[in-house]
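Here the structure is laid out as structure tokens; the discussion comes afterwards.
The values are calculated or read from the model by the stated rules, or taken from the named source; none is laboratory data. Bear in mind that the values here come from a model prediction, so they are computed numbers and not experimental data. With ideal geometry, Cβ positions are generated from the backbone for all residues, glycine too; neighbour counts draw on all protein chains shown. In case anyone asks, the SASA skips ligands and DNA or RNA and just uses the protein heavy atoms, side chains included. Shrake-Rupley method; radii C 1.70, N 1.55, O 1.52, S 1.80 Å.
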Amino acid sequence: MNFEIKIEVDPNWRRLEGFLKTEVERAALHIEGDAKQRVADWPAVRKGDMMGSIKASKIDQEGLEYEIGPTMEYSPFVEYGTIYMRARPFMVPAAAQEMPRFFRAVQEIFRKF
């Protein structure tokens, strides 16, 4: 017994997908840049390694999912603090600041389709 499944994708999906990819990438790069700026604004601390480790990286082939953050092992302690050190959040505020712009952009894309 042979089965054949044929799926036709609406041509508008490719356009929609392209717009979404652009907005996801833009949001990832904005968060990366904002997080780096927040680290740069810290007073008199060693910050070059932390800033250099903050990257936005595409983690799927479609380009709709990114991982954004530092690679330094101690970065969670900086972000959230410890019992010995106050928190210096930089990733969570960067993401929080970008989310409203991103959601508005995605809503606008879907209004067009």
#### Entry: Degrees separating the helix 91-112 axis from the principal Cα axis of the chain, which is the longest one
20
### Summary
The answer for the chain, accessible area per residue at 1.4 Å probe in Å², is 74
#### Entry: Out-of-range pairs (alpha-carbon distance over 29 Å; input Lys36/Lys112; Lys21/Lys47; Lys21/Lys55)
Lys36/Lys112; Lys21/Lys47
### Task
Rank Ile54, Ile68, Ile83 by mean-square fluctuation in a GNM of the chain with C-alpha springs under 10 angstrom and give only the top-ranked residue.
Ile83
### Query
When only alpha-carbon atoms count, how far does the stretch 53-113 stretch along each of its three principal axes, as whole angstroms with the largest first?
52, 25, 13
### Message
Let me check I've understood the local charge: for Ile59, count other residues with C-beta under 11 angstrom from its C-beta, Lys and Arg +1, Asp and Glu -1. What total comes out?
### Response
-3
### Message
Under 10 Å, Cα contacts only: if you run a Gaussian network model on the chain, which one of Lys21, Lys55, Lys47 comes out with the highest mean-square fluctuation?
### Response
Lys47
### Task
Roll a 1.4 angstrom probe over the protein heavy atoms and tell me the percent of accessible area of the stretch 9-61 that is carbon or sulfur.
51
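Cα gyration tensor of the chain, axes a ≥ b ≥ c as square roots of the eigenvalues: rounded (a/c below 1.5), prolate (a/b > b/c) or oblate? It would help to have the intermediate numbers written out before the result.
Working: a/c = 3.38, a/b = 2.22, b/c = 1.52.
Because a/c hits 1.5 or more and a/b exceeds b/c, the chain counts as prolate.
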